[in-house]
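Values in this text are rule-based calculations from the coordinates and carry no lab data. Here the structure is a predicted model, which means the values were calculated and not measured. Cβ placement follows ideal geometry from the backbone for every residue including glycine, while neighbour counts extend to all protein chains displayed.
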Amino acid sequence: MTETNQSEPQITSKNALKHLSRGTTAARASRSRPAGLHVWARKDTGGFQIVGTINGQRIRRRAQSADLEHAQQECRRLEAELLELDPIKTRLTEIEKRLGKIEWLLEQLIERSK
């Protein structure tokens, strides 16, 4: 019995094979909308773009390298950076809301003491 690699998606459609022939990854070719960021080969220039959505923020930027492997590394690094910053941004928003409530309470206390 042969084992298949579960992390490697099976490519079955002609469209997916067309994507592979342009240099895109197997994971990108087998799914229509992958989660997170991915590297996309441009038809016109042959360069690579990093595209996708992270926490509702649409990302589309040119990869700094013309090499697929380096572009994928840049993509993973950018995704990790964006995912790491999101909890910090969320926490700052919570703190700002609480600070606003505290300021309002202080104003109410000052008015009552007059």
Next item on the list: Run the quick spin-label model on Leu85 and Glu69: label points 7 Å from Cα toward the beta carbon, then report their separation in nm to one decimal.
Entry: 2.8
Check: Full extension from Glu96 to Arg62: what is 0.36 nm times the residue separation minus their Cα-Cα distance, to one decimal in nm?
Finding: 8.8 nm
Notebook entry, point to check: For Lys114 and Asn55, FRET efficiency with R0 = 41 Å and r from the beta-carbon atoms, rounded to 0.05?
Noted result: 0.35
